[in-house]
Amino acid sequence: MAVDGIEVVQYQIEYPTLNLKEQKENEKAFDYGMLYCYTKECEKGFKVKKVGKITRKGTKFTYEVIKDKVDFEQYKVLLNKMIDDFNAKHGAKLKATC
């Protein structure tokens, strides 16, 4: 992503709703939120590089640029595995659309 010679290669977002309390009290919603965080920035050309420790204040995600088509395909494999794991754990029927 570039604007007038400035290129964003990495950034961090903290999601306050993905916190220890939510993880304990509503595991399915928490797991769904984690999936959401892995997929939402993909449309903008970014993937999750690192997930920080889950705390009372939330969870920090560091995103980095998807480098090329091979990188994107590898990320899709990871996302599909995460979706399969979510479906098996929670008896859901989520499908990937990317």
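None of the figures in this text is laboratory data; all of them are computed from the coordinates on show. Predicted, not measured: the structure shown is a model, and the values here were computed from it. Every residue, glycine among them, receives a Cβ derived from its backbone with ideal geometry; neighbour counts consider all protein chains shown.
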**Item:** the stretch 8-90 shape via C-alpha gyration tensor axes, a/c threshold 1.5
**Value:** oblate
**Prompt:** Which of the trypsin sites (Lys or Arg not before Pro) found in the stretch 12-98 are loop residues per DSSP with 13 or fewer other Cβ atoms within 10 Å of their Cβ?
**Reply:** 53, 56, 57, 67, 93, 95
**Asked** What ranking of 34, 82 emerges when the number of other C-beta atoms within 10 Å of each C-beta is taken as an exposure proxy, fewest first?
**Response** 82, 34
**Message:** Just to be sure I understand the model, the point goes 7 Å from the Cα along the line to the Cβ. What's the resulting residue 49 to residue 97 distance in nm?
**Reply:** 2.9 nm
**Asked** From a point 7 Å beyond the Cα of residue 78 in the direction of its Cβ, which residues of the stretch 1-38 have a backbone N at a distance under 15 Å?
**Response** 10-13, 34-38
**Relative contact order (%) - criterion: Cα under 8 Å, at least six apart; region: the stretch 8-90** = 36 percent
**Complete:** If each part is reduced to its alpha-carbon centroid, the stretch 16-34 and the stretch 37-56 end up apart, in Å, by 15 Å
**Request:** Provide the FRET efficiency to the nearest 0.05 for the residue 24-residue 85 pair, computing r from the beta carbons and using R0 = 25 Å.
**Result:** 0.80
**Request:** Give, as a single signed number, the net charge of other residues whose beta carbon lies under 13 Å from the beta carbon of residue 89, with Lys and Arg counted +1 and Asp and Glu -1.
**Result:** -1
**Message:** I want to verify a result. In a Gaussian network model of the chain, Cα cutoff 10 Å, which of these has the top mean-square fluctuation: 65, 51, 77?
**Reply:** 77
